[in-house]
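Report on the following structure.
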Amino acid sequence: MTDLSTRTAVGFIGLGNIGAPMAKRLRAYPGGLVVCDAVPAAVEPFVAKGATGAENGAQVARLASVICVMVQNEAQVRDVPEGPDGILATAAPGTVVAVHSTISAEAAVELADLAASADVELVDAPVSGGAMGAHEGTLAVMVGGSDEAVARCERVFEH
């Protein structure tokens, strides 16, 4: 397994109405951008502009040290980390997963515990502002997590 210091890219899972414009702002991220979506066609425009495409969360986690998740609902968020194709299958210790999707407080705690079992940190980071705010770059991000994990996300969230 490669250690975290070699994973310089930011990952983005979920390229829908809000996720795609959020990810577009990360195309210039210094370490690169790795994108993934359940709809392969959503990944293609990002790859055409220089991002790396991934088929699943495990592939994203092989390259990224911070992974943003903006999928449709809590059930989809729960699917992202688990199983052989999930983030936790390949994430290096110290990886930070920022969940932008709206999930319950209970799910955030459960997912944080699951992530911690793999030495991965979860940051609960829902956004406010909708698709228009995502396109304009004016989303408000409400962040909950350890001080260290939140600090690791700041450069990503600035984009």
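Laid out as a table, the results:
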quantity: Listed residues 141, 71, 35, most fluctuating in the chain (Gaussian network, C-alpha, under 10 Å); calculated: 141
quantity: Potential lengthening between residue 8 and residue 75 on full extension [0.36 nm per residue; Cα-Cα distance subtracted]; calculated: 21.3 nm
quantity: Angstrom value of the Kirkwood radius, inverse mean 1/r, which spans all Cα pairs in segment 1-91; calculated: 12.7
quantity: Estimated [θ] at 222 nm from DSSP helical runs (n ≥ 4, -39500 (n - 2.57)) normalised by residues in the chain, nearest 500; calculated: -10000 deg cm²/dmol
quantity: Of all accessible heavy-atom area on the chain, the percent that carbon and sulfur account for (1.4 Å); calculated: 52
quantity: Diffusion coefficient, µm² s⁻¹, Stokes-Einstein with Kirkwood Rh over alpha-carbon pairs of the chain at 25 °C and 0.890 mPa s; calculated: 163
quantity: Among 134, 98, 75, residue whose mean-square fluctuation peaks in a GNM of the chain (springs only between Cα atoms under 10 Å); calculated: 75
quantity: Candidates 91, 105, 131, ranked by Gaussian network fluctuation over the chain, Cα under 10 Å, top entry; calculated: 105
quantity: 1.4 Å probe accessible area per residue over segment 66-122, in Å²; calculated: 43
quantity: Residue 138-residue 154 pseudo-label distance in nm [points 7 Å out on the Cα-to-Cβ vector]; calculated: 2.5
quantity: Two-decimal log10 I(q)/I(0) for segment 91-159, as the Debye equation yields it once each C-alpha is a single scatterer, q = 0.18, 0.21 Å⁻¹; calculated: -0.68, -0.88
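The values are calculated or read from the model by the stated rules, or taken from the named source; none is laboratory data. Please read these numbers as outputs of a predicted model, since none were measured by experiment. All Cβ positions, even for glycine, are placed from backbone atoms using ideal geometry, and neighbour counts span all protein chains on display. Side chains are part of the model used for accessible areas, which takes the heavy atoms of the whole protein and leaves out ligands, DNA and RNA. Shrake-Rupley method; radii C 1.70, N 1.55, O 1.52, S 1.80 Å.
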